[in-house]
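Peer 1: I have a structure here, written as C-alpha coordinates, and I will follow up with some questions on it.
The values are calculated or read from the model by the stated rules, or taken from the named source; none is laboratory data. Here the structure is a predicted model, which is why all the values come from computation and not from measurement. No Cβ is skipped: glycine too gets one built from the backbone with ideal geometry, and neighbour counts run over all protein chains shown. All accessible areas refer to the heavy atoms of the entire protein, side chains included, with ligands and DNA or RNA removed. Shrake-Rupley method; radii C 1.70, N 1.55, O 1.52, S 1.80 Å.
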Amino acid sequence: MIHLKTEKEIESLRASADLVGRTLGAVAAAVAPGISTLELDQIAESYIRDNGATPAFKGYRVGREVFPSTLCTSVNDEVVHGIPSNTVLKDGDIVSVDCGVLLNGYYGDSAFTFPVGTISDDTKQLLATTYDSLMLAIGQATTGKRLGDIGAAVQELCEERGYGVVKDLVGHGIGRHLHEDPQVPNYGRSGSGRKLKSGLVICIEPMINFGTAHVRTEGDGWTVKTADGQPSAHYEHMIVVRPGEAEVITTFQYIENVLEVLPYKQNAEVAHG
Ligand code: MG
Ligand code: MG
(Lines give C-alpha, C1' and ligand atoms only; values in the text may rest on other atoms or scores of the structure.)
(Ligands and ions follow the chains in the order given, each with its own letter.)
Protein backbone atom coordinates (compact mmCIF):
# COMPACT_ATOMS: atom_id res chain seq x y z
CA MET A 1 0.00 0.00 0.00
CA ILE A 2 1.37 3.40 -0.97
CA HIS A 3 1.08 6.19 1.57
CA LEU A 4 1.33 9.69 0.08
CA LYS A 5 2.69 12.16 2.63
CA THR A 6 1.05 15.32 3.87
CA GLU A 7 3.11 18.52 3.93
CA LYS A 8 3.34 18.12 7.70
CA GLU A 9 4.82 14.64 7.33
CA ILE A 10 7.20 15.90 4.65
CA GLU A 11 8.37 18.53 7.11
CA SER A 12 9.27 15.75 9.56
CA LEU A 13 10.95 13.74 6.83
CA ARG A 14 13.03 16.79 5.85
CA ALA A 15 14.42 16.90 9.39
CA SER A 16 15.30 13.19 9.31
CA ALA A 17 16.81 13.54 5.85
CA ASP A 18 18.91 16.51 6.93
CA LEU A 19 20.24 14.61 9.93
CA VAL A 20 21.36 11.75 7.68
CA GLY A 21 23.17 14.28 5.51
CA ARG A 22 24.92 15.83 8.50
CA THR A 23 25.88 12.39 9.80
CA LEU A 24 27.40 11.49 6.44
CA GLY A 25 29.25 14.81 6.60
CA ALA A 26 30.77 13.78 9.93
CA VAL A 27 31.76 10.45 8.39
CA ALA A 28 33.22 12.21 5.33
CA ALA A 29 35.54 14.23 7.54
CA ALA A 30 37.01 10.97 8.87
CA VAL A 31 37.30 8.86 5.72
CA ALA A 32 41.03 8.42 4.98
CA PRO A 33 43.58 5.65 4.62
CA GLY A 34 44.16 4.07 8.04
CA ILE A 35 40.69 4.40 9.56
CA SER A 36 38.57 1.32 10.14
CA THR A 37 34.95 1.02 9.10
CA LEU A 38 34.11 0.35 12.76
CA GLU A 39 35.55 3.75 13.69
CA LEU A 40 33.35 5.35 11.02
CA ASP A 41 30.39 3.52 12.52
CA GLN A 42 31.14 4.87 16.00
CA ILE A 43 31.36 8.43 14.66
CA ALA A 44 27.97 8.06 12.98
CA GLU A 45 26.26 6.45 15.97
CA SER A 46 27.47 9.15 18.39
CA TYR A 47 26.44 11.90 15.98
CA ILE A 48 22.94 10.49 15.52
CA ARG A 49 22.35 9.93 19.25
CA ASP A 50 23.77 13.36 20.14
CA ASN A 51 21.12 14.79 17.83
CA GLY A 52 18.23 13.07 19.57
CA ALA A 53 17.71 10.34 16.99
CA THR A 54 18.40 6.61 16.78
CA PRO A 55 20.28 4.66 14.12
CA ALA A 56 17.71 3.05 11.83
CA PHE A 57 19.74 0.07 10.68
CA LYS A 58 20.99 -1.13 14.07
CA GLY A 59 18.74 -4.01 15.07
CA TYR A 60 17.02 -4.07 11.65
CA ARG A 61 15.74 -7.59 10.99
CA VAL A 62 15.40 -9.60 7.85
CA GLY A 63 14.15 -13.06 8.77
CA ARG A 64 16.43 -14.33 11.51
CA GLU A 65 19.28 -11.93 10.71
CA VAL A 66 19.69 -8.78 12.81
CA PHE A 67 21.89 -5.97 11.45
CA PRO A 68 24.42 -5.07 14.17
CA SER A 69 25.56 -1.56 13.21
CA THR A 70 24.62 2.05 12.54
CA LEU A 71 26.15 2.22 9.08
CA CYS A 72 26.43 -0.17 6.21
CA THR A 73 30.04 0.15 5.05
CA SER A 74 30.74 -1.63 1.78
CA VAL A 75 34.34 -1.62 0.55
CA ASN A 76 35.42 -2.10 -3.09
CA ASP A 77 33.60 -5.20 -4.41
CA GLU A 78 31.04 -5.02 -1.61
CA VAL A 79 27.86 -3.57 -3.10
CA VAL A 80 25.73 -2.84 -0.03
CA HIS A 81 24.99 -3.98 3.54
CA GLY A 82 28.65 -4.42 4.55
CA ILE A 83 29.07 -4.70 8.33
CA PRO A 84 31.54 -2.26 9.92
CA SER A 85 34.61 -4.07 11.24
CA ASN A 86 38.27 -3.66 12.08
CA THR A 87 39.00 -3.62 8.36
CA VAL A 88 41.24 -0.62 7.76
CA LEU A 89 40.66 1.49 4.65
CA LYS A 90 43.62 1.74 2.27
CA ASP A 91 44.68 4.28 -0.32
CA GLY A 92 42.84 3.48 -3.55
CA ASP A 93 39.83 1.84 -1.89
CA ILE A 94 36.28 3.04 -2.25
CA VAL A 95 33.78 2.75 0.60
CA SER A 96 30.03 3.03 0.18
CA VAL A 97 28.47 4.35 3.37
CA ASP A 98 24.73 3.94 3.81
CA CYS A 99 23.12 5.64 6.81
CA GLY A 100 19.64 5.55 8.25
CA VAL A 101 18.12 7.47 11.16
CA LEU A 102 14.83 7.56 13.02
CA LEU A 103 13.92 11.03 14.28
CA ASN A 104 10.53 11.92 15.79
CA GLY A 105 8.94 8.84 14.23
CA TYR A 106 10.20 9.42 10.69
CA TYR A 107 13.05 7.75 8.84
CA GLY A 108 15.92 9.24 6.87
CA ASP A 109 18.10 7.17 4.51
CA SER A 110 20.97 8.20 2.24
CA ALA A 111 24.19 6.71 0.86
CA PHE A 112 27.45 7.98 -0.62
CA THR A 113 30.47 6.21 -2.10
CA PHE A 114 33.73 7.80 -0.94
CA PRO A 115 37.12 7.54 -2.58
CA VAL A 116 39.85 6.70 -0.05
CA GLY A 117 42.99 8.61 -0.95
CA THR A 118 43.72 8.39 -4.67
CA ILE A 119 41.59 6.05 -6.74
CA SER A 120 42.05 4.77 -10.29
CA ASP A 121 40.56 6.59 -13.26
CA ASP A 122 38.34 3.55 -13.92
CA THR A 123 36.91 3.78 -10.43
CA LYS A 124 36.40 7.54 -10.73
CA GLN A 125 34.35 6.92 -13.87
CA LEU A 126 32.25 4.33 -12.05
CA LEU A 127 31.53 6.72 -9.17
CA ALA A 128 30.73 9.61 -11.50
CA THR A 129 28.40 7.54 -13.65
CA THR A 130 26.57 6.15 -10.63
CA TYR A 131 26.08 9.70 -9.33
CA ASP A 132 25.00 10.94 -12.75
CA SER A 133 22.48 8.12 -13.03
CA LEU A 134 20.98 9.12 -9.68
CA MET A 135 20.61 12.71 -10.89
CA LEU A 136 18.99 11.58 -14.15
CA ALA A 137 16.60 9.37 -12.19
CA ILE A 138 15.67 12.25 -9.89
CA GLY A 139 14.92 14.28 -13.03
CA GLN A 140 12.25 11.71 -13.89
CA ALA A 141 10.63 11.66 -10.45
CA THR A 142 7.90 14.19 -11.16
CA THR A 143 4.13 14.06 -10.92
CA GLY A 144 2.59 12.05 -13.76
CA LYS A 145 5.77 10.18 -14.73
CA ARG A 146 6.04 6.46 -14.00
CA LEU A 147 8.28 4.25 -11.90
CA GLY A 148 9.68 2.77 -15.11
CA ASP A 149 10.94 6.21 -16.14
CA ILE A 150 13.12 6.33 -13.03
CA GLY A 151 14.55 2.85 -13.56
CA ALA A 152 15.07 3.38 -17.28
CA ALA A 153 17.07 6.56 -16.64
CA VAL A 154 19.54 4.68 -14.44
CA GLN A 155 19.72 1.60 -16.61
CA GLU A 156 20.19 3.36 -19.94
CA LEU A 157 23.10 5.54 -18.80
CA CYS A 158 24.92 2.84 -16.86
CA GLU A 159 24.54 0.05 -19.38
CA GLU A 160 25.52 2.35 -22.24
CA ARG A 161 28.80 2.85 -20.37
CA GLY A 162 29.23 -0.89 -19.92
CA TYR A 163 28.43 -1.17 -16.24
CA GLY A 164 26.27 -3.74 -14.48
CA VAL A 165 23.04 -2.49 -12.92
CA VAL A 166 22.22 -4.44 -9.77
CA LYS A 167 18.65 -5.76 -10.01
CA ASP A 168 18.46 -7.86 -6.85
CA LEU A 169 18.18 -4.73 -4.67
CA VAL A 170 15.96 -1.70 -5.20
CA GLY A 171 15.00 1.71 -3.86
CA HIS A 172 11.83 2.15 -1.81
CA GLY A 173 9.22 4.38 -0.29
CA ILE A 174 10.04 5.82 3.12
CA GLY A 175 8.16 7.47 5.96
CA ARG A 176 7.14 6.03 9.32
CA HIS A 177 8.76 2.84 8.04
CA LEU A 178 12.26 2.52 6.63
CA HIS A 179 11.06 0.50 3.66
CA GLU A 180 7.61 1.30 2.31
CA ASP A 181 5.90 0.68 -1.00
CA PRO A 182 6.59 1.15 -3.82
CA GLN A 183 9.79 -0.65 -4.71
CA VAL A 184 11.93 1.58 -6.93
CA PRO A 185 14.03 -0.57 -9.28
CA ASN A 186 17.10 0.80 -11.05
CA TYR A 187 15.94 -0.73 -14.31
CA GLY A 188 12.78 -0.60 -16.35
CA ARG A 189 11.05 0.68 -19.43
CA SER A 190 10.10 4.33 -19.95
CA GLY A 191 6.37 4.86 -19.70
CA SER A 192 5.78 1.63 -17.78
CA GLY A 193 4.86 0.96 -14.18
CA ARG A 194 2.91 2.83 -11.58
CA LYS A 195 2.18 6.53 -12.08
CA LEU A 196 3.99 8.87 -9.67
CA LYS A 197 1.76 11.07 -7.54
CA SER A 198 2.61 14.29 -5.71
CA GLY A 199 3.61 13.65 -2.12
CA LEU A 200 5.18 10.26 -2.77
CA VAL A 201 8.46 10.10 -0.86
CA ILE A 202 10.99 7.59 -2.17
CA CYS A 203 14.63 6.65 -1.90
CA ILE A 204 16.32 6.39 -5.29
CA GLU A 205 19.53 4.43 -4.93
CA PRO A 206 21.40 3.08 -7.95
CA MET A 207 23.86 0.28 -7.13
CA ILE A 208 26.19 0.07 -10.10
CA ASN A 209 28.93 -2.51 -10.70
CA PHE A 210 32.06 -2.00 -12.75
CA GLY A 211 31.58 -5.45 -14.28
CA THR A 212 28.78 -7.99 -14.04
CA ALA A 213 25.40 -7.04 -12.61
CA HIS A 214 25.35 -10.30 -10.66
CA VAL A 215 25.79 -10.23 -6.91
CA ARG A 216 25.95 -12.74 -4.08
CA THR A 217 25.40 -12.53 -0.33
CA GLU A 218 28.23 -13.50 2.00
CA GLY A 219 28.02 -16.00 4.85
CA ASP A 220 27.42 -13.20 7.37
CA GLY A 221 23.89 -13.01 5.96
CA TRP A 222 24.22 -9.33 4.99
CA THR A 223 27.20 -8.30 2.89
CA VAL A 224 26.32 -8.24 -0.80
CA LYS A 225 29.33 -8.51 -3.14
CA THR A 226 29.78 -8.38 -6.88
CA ALA A 227 29.99 -11.87 -8.37
CA ASP A 228 33.17 -11.02 -10.29
CA GLY A 229 35.07 -9.20 -7.52
CA GLN A 230 35.07 -5.86 -9.36
CA PRO A 231 34.10 -2.66 -7.54
CA SER A 232 30.60 -1.29 -7.03
CA ALA A 233 29.21 2.17 -6.23
CA HIS A 234 26.05 3.40 -4.50
CA TYR A 235 24.50 6.85 -4.14
CA GLU A 236 21.10 7.39 -2.53
CA HIS A 237 18.81 10.38 -2.12
CA MET A 238 15.35 10.78 -0.61
CA ILE A 239 13.01 12.75 -2.84
CA VAL A 240 9.46 14.02 -2.80
CA VAL A 241 7.57 13.67 -6.07
CA ARG A 242 6.37 17.14 -7.10
CA PRO A 243 4.94 18.62 -10.30
CA GLY A 244 7.70 19.83 -12.63
CA GLU A 245 10.67 19.02 -10.41
CA ALA A 246 11.28 16.55 -7.59
CA GLU A 247 12.22 17.94 -4.20
CA VAL A 248 15.44 16.30 -3.01
CA ILE A 249 15.30 16.25 0.80
CA THR A 250 18.61 14.56 1.59
CA THR A 251 21.74 16.48 0.73
CA PHE A 252 25.40 15.76 -0.01
CA GLN A 253 26.25 19.37 0.84
CA TYR A 254 27.69 18.48 4.26
CA ILE A 255 29.91 15.91 2.55
CA GLU A 256 30.91 18.32 -0.20
CA ASN A 257 31.88 20.87 2.46
CA VAL A 258 34.59 18.56 3.83
CA LEU A 259 35.83 16.51 0.87
CA GLU A 260 38.81 18.00 -0.94
CA VAL A 261 37.97 16.33 -4.22
CA LEU A 262 34.48 15.19 -5.12
CA PRO A 263 34.26 11.83 -6.82
CA TYR A 264 31.81 13.09 -9.42
CA LYS A 265 33.48 16.43 -10.17
CA GLN A 266 36.83 14.67 -10.39
CA ASN A 267 35.37 12.71 -13.25
CA ALA A 268 34.29 15.82 -15.11
CA GLU A 269 37.94 16.85 -15.27
CA VAL A 270 38.94 13.45 -16.57
CA ALA A 271 36.15 13.39 -19.13
CA HIS A 272 36.83 16.87 -20.47
CA GLY A 273 40.62 16.70 -20.25
MG1 MG B 1 20.20 3.51 2.37
MG1 MG C 1 17.43 2.94 1.06
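Peer 1: Taking only Cα atoms and a 10 Å spring cutoff, compute GNM fluctuations for the chain and point out the largest among E245, E236, E45.
Peer 2: So, out of E245, E236, E45, the one fluctuating most is E245.
Peer 1: Which of the lysines could a cross-linker bridge to K8, judged by Cα under 26 Å and excluding same-chain residues fewer than eight apart?
Peer 2: Here the lysines satisfying the reach criterion relative to K8 are K145, K195, K197.
Peer 1: Distance between Cα centroids, the stretch 118-132 to the stretch 166-230: provide it in whole Å.
Peer 2: Comparing the Cα centres of the stretch 118-132 and the stretch 166-230, I get a distance of 20 Å.
Peer 1: Roughly how many debye, to the nearest 20, is the charge dipole of the stretch 190-256 about its Cα centre, given +1 on each Lys and Arg Cβ, -1 on each Asp and Glu Cβ, and no other charges?
Peer 2: Dipole about the Cα centre, nearest 20: 400 debye.
Peer 1: With a ≥ b ≥ c the root eigenvalues of the C-alpha gyration tensor of the stretch 163-235, is it rounded (a/c under 1.5), prolate (a/b larger than b/c) or oblate?
Peer 2: oblate
Peer 1: Give, as a single signed number, the net charge of other residues whose beta carbon lies under 12 Å from the beta carbon of Q230, with Lys and Arg counted +1 and Asp and Glu -1.
Peer 2: Working: positive: K225; negative: D77, E78, D122, D228.
Net charge around Q230: -3.
Peer 1: State to the nearest 20 debye the size of the charge dipole of the chain about its Cα centre, where the only charges are +1 on K and R beta carbons and -1 on D and E beta carbons.
Peer 2: 920 debye
Peer 1: At 222 nm, what helix-only mean residue ellipticity would the chain give, in deg cm²/dmol to the nearest 500, using -39500 (n - 2.57) for each DSSP H run of four or more? Intermediate values should be presented prior to the final figure.
Peer 2: Numbers: 6 runs with 85 residues, N = 273.
Mean residue ellipticity, 222 nm, calculated: -10000 deg cm²/dmol.
Peer 1: Can you give me the accessible area per residue for the stretch 203-266, using a 1.4 Å probe, in Å²?
Peer 2: Working: 2540 Å² over 64 residues.
Per residue, the stretch 203-266 has an accessible area of 40 Å².
Peer 1: Looking at A28, S232, G52, which one has the Cα that reaches farthest to the positive end of the dipole of the stretch 7-256 (charges on Cβ: Lys, Arg +1; Asp, Glu -1)?
Peer 2: G52
Peer 1: To continue, here is another question. State to the nearest 20 debye the size of the charge dipole of the stretch 1-137 about its Cα centre, where the only charges are +1 on K and R beta carbons and -1 on D and E beta carbons. Spell out each step's value before the answer.
Peer 2: Working: 10 positive and 18 negative charges, 88 e Å.
Here the size comes out at about 420 debye.
Peer 1: Using DSSP H assignments, which helices in the chain have an axial alpha-carbon span of 24 Å or above and a mean Kyte-Doolittle hydropathy of -1.0 or higher?
Peer 2: 7-28, 121-140
Peer 1: Another one. From the square roots a ≥ b ≥ c of the eigenvalues of the alpha-carbon gyration tensor of the stretch 7-256, which class results: rounded (a/c under 1.5), prolate (a/b over b/c), or oblate?
Peer 2: Because a/c hits 1.5 or more and a/b fails to exceed b/c, the stretch 7-256 counts as oblate.
Peer 1: For the pair T54/E160, report the inter-label distance in nm, with labels modelled 7 Å from Cα in the Cβ direction.
Peer 2: 4.5 nm
Peer 1: Mind checking which of I35, I208, I138 has the largest fluctuation in a GNM of the chain, springs on alpha carbons under 10 Å?
Peer 2: Fluctuation is largest for I35.
Peer 1: In a GNM of the chain with a 10 Å cut-off on Cα contacts, which of P231, P68, P84 has the highest mean-square fluctuation?
Peer 2: Maximum among the listed residues: P68.
Peer 1: With unit charges on the beta carbons (Lys and Arg positive, Asp and Glu negative) and the dipole taken about the Cα centre of the stretch 104-185, which residue among G117, Y106, Q140 sits farthest to the positive side?
Peer 2: Most positive-ward Cα: Y106.
Peer 1: If R₀ is 51 angstrom, what is the calculated FRET efficiency for the pair D122 and K8, using the beta carbon separation as r and rounding to 0.05? Let's see the in-between values first.
Peer 2: Values: r = 46 Å, r/R0 = 0.90.
FRET efficiency, D122 to K8: 0.65.
Peer 1: Return the carbon/sulfur percentage of the accessible area of the stretch 7-256, one whole number, probe 1.4 Å, all protein chains in place.
Peer 2: 46 percent
Peer 1: Apply the a/c threshold of 1.5 to the C-alpha gyration tensor of the stretch 106-158 and tell me whether it is rounded, prolate or oblate.
Peer 2: Note, shape of the stretch 106-158 comes out oblate.
Peer 1: Return the sequence-ordered ³J(HN,Hα) values of the stretch 195-210 in whole Hz as given by the Karplus equation 6.51 cos²θ - 1.76 cosθ + 1.60 applied to θ = phi - 60°, using x for Gly and Pro.
Peer 2: 3J(HN,Hα) across the stretch 195-210, in whole Hz: 6, 8, 10, 4, x, 6, 10, 9, 9, 9, 8, x, 10, 10, 9, 4.
Peer 1: What length, rounded to one decimal in nm, is gained on full extension from Q42 through to V88, with 0.36 nm per residue of separation minus their alpha-carbon distance?
Peer 2: Contour length minus Cα-Cα distance gives 15.1 nm.
Peer 1: Using alpha-carbon pairs under 8 Å, 6+ residues apart, how would you state the relative contact order of the chain in percent?
Peer 2: On the way: 713 pairs, mean separation 64.5, N = 273.
It comes to 24 percent, rounded to a whole number.
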